[in-house]
Each structure stands twice: as C-alpha cells, then as structure tokens.
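Trainee: Handing you this structure, nothing more for now.
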Amino acid sequence: MEVRLERLSKSFCANVVLKALDLTFPERKFVTLLGPSGCGKTTLLRLIAGLERASGGAILFGGERVDHLPPGERNIAMVFQSYALYPTMDVAANIGYGLKVRGVPKRERAERVGLVAKVLEIAHLLARKPRALSGGQRQRVALGRAMVRKPNIFLMDEPLSNLDAKLRATMRGELKRFHLDLETTSIYVTHDQLEAMTMSDLVAVMNEGVVQQFATPEEVYHCPANLFVAGFIGSPPMNFCEVTLAERDGTPVLMLAGRAIPAPPAFRLARADEGRRLVLGIRTQDVRLAAPDDADAVPGTVWMVELIGSERLVGVEVAPKLRITAEVRAEVRAAIDTPAAVAFDPARRHLFDPATGRALPRAA
Amino acid sequence: MTTRALLGRALLYGLLLAVTFVVCFPLLWAFFTSVKPKDEIFAWPPTLLPEAWTLENDRALFAGKDAYFQAGGATATAVPPSAFFLDWFLNSVVVALGTTAISTVVSTLAAYSLTRFRFPGQRAVPYLALVGYMVPSIIFVFPMFLVMVELRLTDTFLSLVLGYVCITLPFCMWLMWTFLRGVPVEIEEAALVDGASRLRVFFEIVLPTAWPGIVAAAIFSLIVSWNDYLFGRGFMNSMENLPLTVGVMHFFDGTHVDLGLMMASSVLMTVPMAILFALLQRHLVAGFGAGAVKG
C-alpha cells in the first residue's frame with residue numbers, strides 16, 4: 001500500500017520537528033528514513049503509526065486519509081527499538097496479542113503464531129517469557145508480532161540498534177529477505193547508513209525536519225543533492241575543499257592549493273562563472289596517492305596514516321588546515337611528514353554551491 | 001573453607017540467631033501466654049512453656065455475644081468484652097479491605113496519570129504527596145474527627161476508611177508512581193498498534209506489569225489500617241463497632257488485666273498478616289525494591 005505525506009508538519013510547543021513534508025512511499029518498497037539524532041525521523045514514523053498527532057498536513061494510505069484514525073485502525077505493524085515485548089506474556093501470547101485483540105479464534109491464532117514462529121525459527125521459544133530471551137531472539141519475537149497480522153505497512157524504528165555487530169549483519173540480511181518474501185510496504189528508521197544502503201529500495205535522508213534527498217541508495221551515494229547528504233553518507237566521510245573556478249586553454253579548471261585540476265565533466269560550468277568559489281567534494285575511495293612531482297596531482301605532506309583492515313587511510317595536508325584523506329590498499333606505505341600528492345578521479349568529483357549547499361546541476 | 005572463614009560464618013549465623021530471637025521472643029511469649037491457664041500466667045517463677053496447655057482464652061474469644069443475649073436477655077453492658085471479639089475482628093477486616101481497595105485503585109490510577117499525561121505540576125505532585133505522608137498521623141486525628149462530626153459519620157466504618165485512606169493514599173501513590181515510571185511506554189504503544197483500546201492496554205498490559213507494585217501498595221494499606229489505634233479510638237465509640245486494636249484494650253480496665261485474653265487476641269490479630277506476608281513476600285520485595293531503586 002502506498003503511503004503519501006502531504007505538507008505534514010509536527011511541532012512540540014515552539015520546537016518545529018517536521019517542516020511541511022511532501023513524500024510518497026511507493027507500494028511494496030523498502031524505504032529508509034536516514035538521518036542524525038534529532039532530525040525528526042522517529043517522529044515521522046510515529047506520525048505514520050498514529051502514536052503522535054500531526055500539527056498540520058495529511059497522511060494517506062492507498063489514497064485514503066488516515067491521520068484521524070487511532071493506531072489500531074490503520075492496519076500497520078511496528079517494530080520498536082526496544083522491541084517493546086509484553087513482559088508478563090510468553091512468546092506465543094506476545095506474537096498472538098494483535099490477533100486476540102481482533103477477535104481471531106484461539107485455534108486460528110495458534111496456527112498463525114506457529115507458522116510465523118517456524119519461519120522465524122523461534123518455535124522452540126513459544127513458552128518462554130521475554131526476559132528469558134537473548135537480544136536476537138527478542139528481535140525475532142518483535143518481528144513475529146509484526147508479521148503475524150499481515151499488515152498493510154511495516155514500520156521499524158531502529159530495530160537492529162540494540163544488537164551486537166555480528167548479529168546486526170545477520171539480521172540485516174534476514175529483514176531484507178522477509179521484505180522480499182512479504183512484499184509489504186516497509187518504512188525503516190535508522191541513523192546507520194550501512195543499514196540504509198544495504199537494505200533499502202529508496203532512502204530519505206533527513207536533517208532538521210526536512211527531507212534533504214529522496215532517492216535510491218546508489219543515487220544518494222553517487223549524486224548527493226547537497227553538502228549535508230554528501231557529508232552524511234559514506235564512511236570515512238567525503239573530503240570537502242574550497243576551490244575557485246578558472247579557465248585554462250579554453251577548458252574549465254578548479255584551482256586548489258595553487259594547482260589547476262580539471263573540472264568534472266558531469267557538471268554544467270559556464271564561462272561566466274569564472275572566479276566563482278565552489279566546494280569540491282571527493283570521497284576517500286576516489287582519491288589516490290601520487291608521486292609528489294605528478295603534474296595532475298596536488299602536492300602536500302602526509303600528516304596521518306590509519307590502518308582500517310584491508311585499507312589504509314592516508315591524510316595529506318595540501319595547504320595549511322586543508323587536509324585530504326585518501327583510502328588506499330593496506331599494502332601502500334606512507335610515512336608521516338613525508339612529501340606526497342593526491343590525485344582525484346575526474347568522474348567522481350562533486351561540486352557544491354557554498355552559499356546554498358546544493359550540488360551544482362549535472363549535465364543531462 | 002579456611003578456619004577464619006568458618007569462624008566468620010559462625011559469628012554471622014550467631015548474630016542472625018540473636019536478632020531472630022529478639023524479634024521472635026515477644027511473639028512466642030504472647031503465644032505461650034495465650035495457651036496457659038489463668039493461674040499459671042502470673043506464676044512465680046515465670047515459665048515460658050505452659051505446664052498445662054489450654055484453649056480457654058481462644059474459646060472465650062470465639063464464643064460471640066449472641067450466647068449471652070440468648071441466655072438471659074442481658075443488656076450489652078453486662079456482656080463481657082471478650083464476647084465482642086468476633087465483631088471487632090470482622091470490623092477490622094471490613095475496614096482494612098475497604099481502605100486497601102480504595103487506596104490501591106485510586107493510587108494506581110493517579111500514579112498512571114502522573115506518569116503518562118502531561119499537565120502543570122506533574123513532577124511536583126508525587127513529592128508533595130510524600131511530604132504529606134511524613135506528617136505524624138496523630139496531627140490529623142482531631143481535625144478529621146471534627147469533619148466526621150460535621151458529616152455525621154462518627155462511629156461508622158466509612159469514617160475509619162476515609163481516615164485511613166488519607167494516611168495510606170499519598171505513600172501508595174508515590175510507590176505506584178515510582179513503579180509505573182519504570183514501565184516502558186513503548187509496550188503500551190505496541191499494544192495500541194496491535195489494536196487494543198486505551199482501557200484494554202491499561203488492564204491487560206500495564207496492570208499485570210505493575211503487579212508487584214500494586215501488591216506492595218495493597219499490603220502497606222492493609223498493615224496501616226489493620227494496626228491503627230488512633231483513628232479507631234477517636235472516631236468509634238459503640239462496643240460492637242470498634243476495630244480490633246481498640247477493642248482488645250477493654251481486656252484492661254484500669255484495675256484488672258486479662259493477659260490471657262489480650263495475648264490470645266494479639267496472636268489471632270497477627271495470624272492474618274503473617275499468612276499474607278508469607279504468601280506475597282516475593283511480590284512485596286519486588287514492589288518496594290522497584291520503588292527504592294527507581295525513586
């Protein structure tokens with residue numbers, strides 16, 4: 001079922017949390033709301049669930065307004081960050097509670113609970129109380145409670161954040177698998193970009209109550225709409241440096257630390273813009289180390305080297321306080337305080353307007 | 001285990017035994033006195049264990065007053081105080097249960113609203129209530145007596161229940177407040193998403209989760225109302241309406257003390273509370289524990 005938000009806003013007294021959002025979550029898609037703490041993503045999820053009242057605007061499920069309906073009448077299921085299992089009920093009662101409330105006969109309830117428990121591999125835990133379960137098992141019970149009712153929409157509020165790294169990786173795959181099997185519209189809240197990138201069909205990157213970009217994970221990563229998205233997505237974060245647009249031999253170039261580097265061909269840069277100051281963004285993976293005398297590279301001094309497993313991060317200071325980090329293979333050696341140079345992949349450079357923070361328009 | 005550890009353990013157990021003896025001795029003495037014949041109670045040198053065991057005191061307490069009225073059409077003044085024991089016992093049960101029911105229900109609902117709904121003074125109310133509980137109850141007796149006179153409620157169970165509720169409610173509310181603060185709001189929201197109504201969420205999700213706190217509040221109310229003497233002494237005057245604590249004082253009339261009846265009544269007063277504690281001890285510890293940690 002499609003979920004549409006029209007001019008949706010939410011304030012707590014004078015604190016505006018969501019600012020007139022217009023957003024459509026397409027049917028059967030897995031959409032992630034991604035953003036830092038306090039950006040309004042959980043509030044948005046709670047508005048869709050009916051746990052908060054909107055200050056303005058409308059929420060539509062399949063074209064029908066639902067913002068006046070209580071949570072129980074929206075046919076949604078929600079997985080909470082803390083799992084929110086009923087502590088006095090056993091696993092079977094936890095999963096079946098929504099069916100019991102809806103008057104499903106006991107026998108049918110037991111069958112459906114058994115089926116879901118089998119799929120989630122928790123059939124042996126049905127008689128246990130939540131306190132006797134591990135984090136991963138609790139997570140599955142919470143998922144089971146959501147799945148058993150066959151809802152129109154799945155809402156998930158950082159459901160993996162309480163799990164250890166290994167289990168989180170496993171559950172990421174399983175959640176995606178369940179979504180593919182159930183084909184239910186899913187809205188997932190997280191601040192973890194890895195979860196967003198690996199699981200989603202679409203990502204809505206949020207900041208300060210505004211959706212900064214709503215696109216596929218690939219697009220969000222490769223064509224960030226603004227400086228916030230560019231800086232938030234990707235780990236290690238993107239390098240940003242101020243450049244000036246110039247022209248050499250009839251072609252636009254970017255002046256960085258006294259060196260002219262070719263302007264990225266993907267952007268429409270007019271001659272009239274010569275002298276304009278821009279922000280160049282380049283991901284660490286798209287920076288390579290070059291010889292200090294390489295004419296196409298920007299020379300500097302190595303100021304930091306970090307091994308991060310199979311890769312190594314090498315920070316090069318190309319001007320006072322202007323440092324560019326390159327992600328290179330672990331075998332590449334670099335010594336601190338030695339001369340080095342950084343070169344950028346021309347196709348992977350991003351340009352932003354420093355005044356608005358927006359990405360410069362790309363050539364069609 | 002080393003000798004030092006053994007010695008330490010022996011000392012610890014010795015200390016525990018000594019404390020247990022100090023606590024239990026009055027109870028044991030009361031019990032043994034209640035089953036002694038009258039002449040042995042004041043015998044010298046005194047005995048702890050009775051030489052001759054008897055249930056004459058308990059029999060006198062359970063005889064009831066009807067036997068006296070039927071026997072010779074006697075007036076109430078001619079009936080011995082022991083004949084009213086069953087009335088007093090029943091009065092105390094009714095008043096204690098009434099107090100407990102009102103205190104527990106009202107304090108749970110009040111505490112729930114204090115933890116879940118926002119309004120001015122929301123945070124101050126529980127602490128102010130606790131301050132109110134710290135005032136000695138004797139201060140309330142006379143003003144409340146005047147109120148009861150105005151309301152024409154003196155010598156009624158309702159006056160006692162209202163008096164006890166004033167004493168128990170603030171602490172019960174504070175106790176439930178500390179307990180319900182620890183019940184995550186997400187489980188209620190999960191139930192709302194599951195389709196339950198607010199009322200259903202309260203009864204099926206919140207109450208079972210808060211059960212240890214409710215038991216602790218109920219036991220506290222029971223103890224206060226069962227053991228109180230002040231309000232019973234102040235508000236009640238008919239012999240047949242007295243609570244147990246005030247009634248048993250009639251076994252002592254200034255010139256003569258019937259220790260056998262007094263001790264037998266004391267033992268019988270203790271039994272219901274002892275049974276209750278034995279049955280609900282686990283919940284009580286959990287309830288007061290939650291309040292202690294989270295408050």
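Trainee: Between the range A:229-276 and the range B:224-257, how many Å separate their Cα centres?
Mentor: Using only Cα atoms, the two centres lie 94 Å from each other.
Trainee: If you don't mind, there's one more thing I want to ask. Multiplying the sequence separation of A:Leu307 and A:Cys223 by 0.36 nm and subtracting their Cα-Cα distance, what value in nm do you get? Please report the intermediate quantities before stating the final value.
Mentor: On the way: separation 84, 0.36 × 84 = 30.24 nm, distance 2.78 nm.
Taking 0.36 nm per residue and subtracting the Cα distance, the gain is 27.5 nm.
Trainee: Considering every pair of different Cα atoms, what Kirkwood radius, in Å, is found for the range B:81-294? Mind showing how you got there, number by number?
Mentor: On the way: mean 1/r = 0.0532 Å⁻¹.
This gives a value of 18.8 Å.
Trainee: Can you put A:Leu34, A:Leu163, A:Leu99 in order of Cβ neighbours within 10 angstrom, beginning with the fewest?
Mentor: Working: A:Leu34 29, A:Leu163 18, A:Leu99 21.
Least crowded to most crowded, the residues run A:Leu163, A:Leu99, A:Leu34.
Trainee: Specify the angular offset, from 0 to 90 degrees and rounded to the nearest 10, of the alpha carbon long axis of helix A:165-182 from the longest principal axis of the alpha carbons in chain A.
Mentor: Compared with the principal axis, the helix lies near 70 degrees.
Trainee: Charges only on Cβ, +1 for Lys and Arg, -1 for Asp and Glu: so what's the dipole of the range A:239-352 about the Cα centre, in debye to the nearest 20?
Mentor: Value, rounded to 20: 300 debye.
Trainee: Taking 0.36 nm per residue of separation and subtracting the Cα-Cα distance, what length does fully extending A:Lys129 through A:Ala165 add?
Mentor: Values: separation 36, 0.36 × 36 = 12.96 nm, distance 2.49 nm.
Answer, rounded to one decimal: 10.5 nm.
Trainee: Follow-up question, since we're still on this one. Under a no-solvent Debye model with one identical scatterer per Cα of the range A:239-352, what's log10 I(q)/I(0) at q = 0.10, 0.13, 0.14, 0.18 Å⁻¹?
Mentor: The Cα Debye sum returns log10 ratios of -0.29, -0.47, -0.55, -0.86.
Trainee: Please give the average number of partner chain Cβ atoms lying within 10 Å of the Cβ of each residue in A:141-149, rounded to a whole number. Mind showing how you got there, number by number?
Mentor: Details: counts 0, 1, 0, 0, 3, 3, 0, 1, 3.
Mean inter-chain Cβ contacts per residue within 10 Å come to 1.
Trainee: How large is the convex hull of the C-alpha atoms of chain A per residue, in Å³?
Mentor: It comes to 169 Å³ per residue, whole-number rounded.
Trainee: So between A:Leu60 and A:Leu322, what do we pick up on full extension, going 0.36 nm a residue minus the alpha carbon distance? Walk me through the numbers before you get to the answer.
Mentor: On the way: separation 262, 0.36 × 262 = 94.32 nm, distance 4.79 nm.
Difference between extended and current length: 89.5 nm.
Trainee: Considering only DSSP beta bridges with both partners in chain A, what is the antiparallel share in %, to the nearest 5?
Mentor: The antiparallel fraction comes to roughly 80 percent.
Trainee: May I ask for the net charge around B:Ser238, where only other residues with Cβ less than 15 Å from the Cβ of B:Ser238 are counted and Lys, Arg are +1 while Asp, Glu are -1?
Mentor: Numbers: positive: B:Lys65, B:Arg152, B:Arg233; negative: B:Asp87, B:Asp155, B:Glu240.
My count for the surroundings of B:Ser238 gives 0.
Trainee: Quick one: net charge of A:Pro36's neighbours, Cβ under 12 Å, K/R +1, D/E -1? Can you show the working numbers first?
Mentor: Numbers: positive: A:Lys41; negative: A:Asp192, A:Glu208.
That works out to -1.
Trainee: How would you rank A:222-231, A:143-152, highest first, on the average number of other Cβ atoms within 10 Å across their residues? Before the final figure, lay out the partial values.
Mentor: Details: A:222-231: 20.0, A:143-152: 22.7.
Top to bottom by mean Cβ count within 10 Å: A:143-152, A:222-231.
Trainee: Counting only C-alpha contacts under 8 Å and six or more residues apart, can you give the relative contact order of chain B as a whole percent? Before the final figure, lay out each step's value.
Mentor: Details: 324 pairs, mean separation 82.6, N = 295.
After rounding, I find 28 percent.
Trainee: Same structure, new question: Would you work out which of B:Trp53, B:Ile139, B:Leu15 lies farthest towards the positive end of the dipole of chain B? Charges go on Cβ: Lys and Arg +1, Asp and Glu -1.
Mentor: Towards the positive end, the residue furthest out is B:Leu15.
Trainee: Please state the relative contact order of the range B:205-276 as a whole percent: Cα pairs under 8 Å, 6+ residues apart? Show your work: numbers first, answer last.
Mentor: Numbers: 23 pairs, mean separation 14.3, N = 72.
This gives 20 percent for the range B:205-276.
Trainee: Next question, about the same structure. So how far apart, in nm, are the two label points at B:Leu151 and A:Ala355 if each is 7 Å from Cα heading toward Cβ?
Mentor: 7.5 nm
Trainee: Now, a different point. Which of B:Leu27, A:Ala84, B:Trp174 sits closest to the plus end of the dipole of the protein assembly as shown, meaning its Cα is farthest towards the positive end, when Lys and Arg get +1 and Asp and Glu get -1 on the C-beta?
Mentor: Looking along the dipole axis, the top candidate is A:Ala84.
Trainee: Summing +1 for each Lys or Arg and -1 for each Asp or Glu, what net charge is found among the other residues whose Cβ lies under 10 Å from the Cβ of A:Pro236?
Mentor: On the way: positive: A:Arg283; negative: A:Glu306, A:Glu311, A:Glu327.
Here the charged neighbours net out to -2.
Trainee: Let me ask something else about it. Farthest toward the dipole's positive end in the range A:239-352, which of A:Pro320, A:Gly258, A:Leu351, given Cβ charges of +1 (Lys, Arg) and -1 (Asp, Glu) about the Cα centre?
Mentor: Result: A:Leu351.
Trainee: Using a Förster radius of 60 Å, what is the FRET efficiency between B:Val23 and A:Thr338 based on their Cβ-Cβ separation? Nearest 0.05, please.
Mentor: 0.15
Trainee: Here's something else I'd like to know. Which percent of Cα-Cα pairs in the range A:164-298 sits in each 5 Å bin, short to long?
Mentor: Calculated over all Cα pairs of the range A:164-298, the distribution is 2, 8, 15, 16, 15, 13, 10, 7, 6, 5, 2, 0 percent.
Trainee: Given the range B:198-238, report the % of alpha carbon pairs whose separation exceeds 15 Å. Walk me through the intermediate numbers first.
Mentor: Values: 491 of 820 pairs.
Every Cα pair in the range B:198-238 considered, those over 15 Å come to 60 percent.
Trainee: Any idea what the alpha-carbon Rg over 2.2 N^0.38 Å comes to for the range B:18-150?
Mentor: Ratio of Cα Rg to 2.2 N^0.38 Å: 1.67.
Trainee: Let me ask another. Got the relative contact order for chain A handy, in percent, Cα pairs under 8 Å and 6 or more residues apart? Display every interim value, and only then the final one.
Mentor: Details: 744 pairs, mean separation 54.8, N = 364.
With pairs under 8 Å counted, the relative contact order is 15 percent.
Trainee: To the nearest 20 debye, what charge dipole does the protein assembly as shown have about its Cα centre, counting +1 at the Cβ of each Lys and Arg and -1 at the Cβ of each Asp and Glu?
Mentor: Working: 64 positive and 59 negative charges, 183 e Å.
The calculated dipole for the protein assembly as shown is roughly 880 debye.
Trainee: To the nearest whole percent, what portion of all C-alpha pairs in the range B:3-54 is separated by more than 16 angstrom? Numbers along the way, then the final one.
Mentor: Details: 727 of 1326 pairs.
Beyond 16 Å sits 55 percent of the P(r) for the range B:3-54.
Trainee: Here is a further query. Can you pull the one-decimal nm distance between simple spin-label points at B:His256 and B:Phe31, each 7 Å off the Cα toward Cβ?
Mentor: Reported label-point gap for B:His256 and B:Phe31 is 3.0 nm.
Trainee: I would also like to ask the following. Can you tell me the dipole magnitude for chain B around its Cα centre, using point charges on the Cβ only (Lys, Arg +1; Asp, Glu -1), in Debye to the nearest 20? Please list the in-between numbers first.
Mentor: Values: 16 positive and 18 negative charges, 220 e Å.
The dipole of chain B has a size of about 1060 debye.
Trainee: Continuing with this model, one more query. If R0 is 45 Å, what FRET efficiency do you get for B:Ile138 and B:Arg9 from their C-beta distance, rounded to 0.05? Walk me through the intermediate numbers first.
Mentor: Working: r = 45 Å, r/R0 = 1.00.
The formula returns an efficiency of 0.50 here.
Trainee: Within the P(r) computed for the protein assembly as shown, what percentage of the Cα pairs occupies the region above 32 Å? Don't jump to the answer; show the numbers that get you there.
Mentor: On the way: 146990 of 216811 pairs.
When every Cα pair of the protein assembly as shown is considered, 68 percent fall beyond 32 Å.
Trainee: Going by amide H atoms built from the backbone, whose H comes under 5 Å of the H on A:Ala340, apart from near neighbours?
Mentor: Sorted by chain and number, the residues that satisfy this are A:Gly300, A:Thr301, A:Val302.
Trainee: Grab the alpha carbons of the range A:98-237, take their convex hull, and tell me the volume per residue in Å³. Mind dumping the intermediate values first?
Mentor: Numbers: hull volume 18.7 nm³, N = 140.
Residue-normalised Cα hull volume stands at 133 Å³.
Trainee: Suppose each label sits 7 Å from its Cα in the direction of the beta carbon; what would the B:Leu16-A:Glu121 distance come out to in nanometres?
Mentor: Between B:Leu16 and A:Glu121, the simple spin-label model gives 4.6 nm.
Trainee: Based on the Cβ-Cβ distance of B:Val106 and A:Ala246, what FRET efficiency does E = 1/(1 + (r/R0)^6) give at R0 = 51 Å, to the nearest 0.05?
Mentor: Values: r = 79 Å, r/R0 = 1.54.
Once rounded, the FRET efficiency stands at 0.05.
Here, each number is a calculation from the coordinates, and none is a lab measurement. All values derive from a computational prediction rather than experimental measurement. As a convention, Cβ positions derive from the backbone with ideal geometry for all residues, glycine included, and neighbour counts pool all protein chains shown.
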